[in-house]
Structure formats: C-alpha cells, structure tokens
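Student: Next up is a structure, given as structure tokens.
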Amino acid sequence: MGKSPQKTVLIVEDEPHVLKMISSKLYHEGLGVLEAKNGEEGLKLAVQNHPDLIVSDIVMPKMDGLTMIKKIRQNGWGKTVPIILITNLKEENSFKKNIEEHNLSFYFNKPNWKLQDVANKVKEVLKI
C-alpha cells in the first residue's frame, strides 16, 4: 500500500512568531503547510490551493479572520473545509455564535492554548 497523500493546512496569523511556531509544529507532525500573514493573503491562498484545513486568527490587518471565512464559505470548495480559529477574543457567547454561523470545527482562546493541543485537534479533524 502506498502512503496516502499529505494533508495540507493553511495557517493565517499576523503575529510572525505564532505563525512560525504553529507552522513548524504541524510540519513536524507530517503535514503540508501554507502560511498567510492576514485574511486577504489567507483567502487568496485558500482559493488557489484548497487546503484540507485552515487554522486562523480573527483579529488581523487587511482582512479579519471572520470576513475571510465568510468569503471562503461562499466558494464551492470552501463550504465544507474544516476551520479552526485561534483568537484573543474573550467573549464566550460570540464564540458559540461564530462556531454555528461559520460552521467552524473548533476554536482555541489564545492565552489558554498549547501548541500540542492545536496539532492534536488538527489531526483529529483531518482524521489522521
């Protein structure tokens, strides 16, 4: 049996050290990684490359994560792509609303997440 094709994750994060940290971790977990520094870049990469999963921040320059997700969800492919949010926002109710409204797989609240938790959740959602 041949090895199954590598899954690709798009990471959209405006803080360079956080972007590199998540990117490096997922790469070492055996995943292909695409990186974007803002929602505008993330949208472009998502539509061009159709990643298997997207990990995104919400608050970013040029285009925020929720606007990017809305645009991705309008694309035929993007209607079903799993999306995990990582955010500093603390409003619990808005998370629940966003999860339902944008069909999100999961979210992490930035002060409380660990890199391994993100990697585990990505692998769980991708079933690998």
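The values are calculated or read from the model by the stated rules, or taken from the named source; none is laboratory data. Not measured: the values here are computed from a predicted model. Quick reminder, even Gly has a Cβ in these numbers, built from the backbone with ideal geometry, and neighbours come from all protein chains shown.
Student: For Ile86, indicate whether it is at pLDDT below 95, in a strand (DSSP E or B), within 12 Å of the chain's Cα centre (by Cα) and under 25 Å from Tyr27 (Cβ atoms).
Tutor: yes
Student: On to the next question. Can you tell me which residue in the range 7-31 is modelled with the lowest pLDDT, limited to those that are among the β-branched types (Val, Ile, Thr) and out of contact with any Gly (no Cβ under 9 Å at 6 or more places or on another chain)?
Tutor: Per the stated criteria, the residue is Val18.
Student: Among the residues of the range 57-74, how many are over 13 Å from the mean Cα position of the chain (by Cα) and closer than 9 Å to Leu43 by Cβ?
Tutor: So the answer is 3.
Student: Output the number of residues of the range 45-57 satisfying the condition of being surrounded by fewer than 22 Cβ atoms within 10 Å (Cβ to Cβ), free of Cβ contacts under 8 Å to residues at least 60 places away in the same chain and in contact with a strand residue (DSSP E or B) (Cβ under 7 Å, 6 or more places away or on another chain).
Tutor: 2
Student: Condition (residue is surrounded by fewer than 13 Cβ atoms within 10 Å (Cβ to Cβ), of a type in the set (Phe, Trp, Tyr) and under 19 Å from Leu104 (Cβ atoms)) applied to the range 21-44: is it met by at least one residue?
Tutor: No; the residues of the range 21-44 include none that is surrounded by fewer than 13 Cβ atoms within 10 Å (Cβ to Cβ), of a type in the set (Phe, Trp, Tyr) and under 19 Å from Leu104 (Cβ atoms).
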